[in-house]
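The values are calculated or read from the model by the stated rules, or taken from the named source; none is laboratory data. Owing to the predicted nature of the structure, the values given are computational and were not obtained by experimental measurement. Note that we place each Cβ from the backbone using ideal geometry, even for glycine, and neighbour counts take in every protein chain shown.
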Amino acid sequence: MSWGSLEEVPEEVSPEVHRRNTTPPCNRFANQKVLVTGAGRGLGSRIAVAFAKDGADVAVHYNTSAEGAEKVAEEIRGMGRDSFTVQADVAKWDDVRRMADEIWRRWGRLDILVHQVGEMVTGQMSWREMKTEAEVRKAIDVDALGSLLVIHEVGRRMYDLQKYGSIVAMASNVLTTGSPRAPQYAAGKFGVIGVVKSYANAFAPWVRVNAVAPGYIETEATKARPDWPKRKKFVLQSTPLKRICQIEDVIPVIMFLASGDSGFITGHTIYIDGGFTMPH
């Protein structure tokens, strides 16, 4: 591809360059009930707190991070919102049914599902390190099967019991680039998009289903990877906006897709990677 003559730009810019007109919390989700999966730590916990700051009551899902989930719920209750924790292994159908039943028993409805739990395969640095079926199945079970089960059970209740709702799932820009590091991760995320498109059709016109696809997010876990210094340099060189994605870049897009502001959008995936995937 010929780009012609391009001006010189910095190797990296501050995130503040692109955040001059962000919208502060404004009770956009007042009185709404939200379930965030994988909210006991990391990105999920930040998403849960962000919805609460914008007025929502939040169910905090976890699988093994019970202590972290309770701390998140306590923080949300400290804002005057309703919050409780709910445990489930998203790859087990009985667990997912129990989780959905508990939410409807507590609240009688659910307005928004943010299904962000996933398996990053962070310990694997090369496809050559993929040695066992168990390693492959873990990523695919959590990402593809987990998305199928959670969206099926929660979305079915939204459709049958209340005739409204919004679902946002977590994909990745590996949908465009693939993942030579961890092919099973890419396979799982492709499964997420198959689930999103299928249920966007199945649940129409009452329930909307969309996804976000971030690129590399600069979290503590990412920075701890042994390949990150070299990988970060490559990502910056390949990203037109010349910085690494931050959690603060992802949450507003999730909230947009969850809200009525995106009321005529369903079955779509929004990439959040600063233009990294444009050439692909």
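Take region 198-246 and flag every residue that is among the β-branched types (Val, Ile, Thr) and not in a loop (DSSP other than H, G, I, E, B).
Selection gives Val207, Val209, Val212, Ile217, Thr222, Val235.
Which pairs do you get when a residue that is closer than 18 Å to Ala224 by Cα, found in region 121-139, comes within reach of a residue that is in a loop (DSSP other than H, G, I, E, B) and at pLDDT below 70, reach meaning Cβ atoms under 6 angstrom, with the pair 6+ apart or on two chains?
Here the result reads none, with nothing in region 121-139 linked to a residue that is in a loop (DSSP other than H, G, I, E, B) and at pLDDT below 70.
Is there any pair with a first residue in region 246-271 that is within 22 Å of Ala221 (Cα to Cα) and touching a residue at least 40 places away in the same chain (Cβ under 8 Å) and a second that is hydroxyl-bearing (Ser, Thr, Tyr) and in a helix (DSSP H, G or I) whose Cβ atoms are under 9 Å apart and which are 6 or more apart or on different chains, and what are they?
So the pair list comes out as Tyr271/Thr176.
Taking region 203-258, which residues are within 12 Å of the chain's Cα centre (by Cα) and surrounded by fewer than 18 Cβ atoms within 10 Å (Cβ to Cβ)?
Answer for region 203-258, where residues must be within 12 Å of the chain's Cα centre (by Cα) and surrounded by fewer than 18 Cβ atoms within 10 Å (Cβ to Cβ): Ile247, Pro252.
Out of all the residues in region 164-177, is one or more without any contact (Cβ under 8 Å) to a residue 24 or more places away in the chain and either over 23 Å from Glu135 (Cβ atoms) or charged (D, E, K, R) (or both)?
no
Mind checking which pairs have a first residue in region 195-223 that is modelled with pLDDT of 95 or more and among the aromatic types (Phe, Trp, Tyr) and a second that is assigned to a helix (DSSP H, G or I) and buried (at least 21 other Cβ atoms within 10 Å of the Cβ), Cβ under 8 Å, 6 or more apart or different chains?
Tyr199/Ile151; Tyr199/Gly155; Phe203/Gly155; Phe203/Met158; Trp206/Met158
Can you pull out the helices (runs of 4 or more DSSP H) entirely within region 32-127 that have at least 3 residues that are at pLDDT 95 or above, touching a strand residue (DSSP E or B) at 6+ places or on another chain (Cβ under 6 Å) and more than 25 Å from Gln246 (Cβ to Cβ)?
Hits in region 32-127: 93-107.
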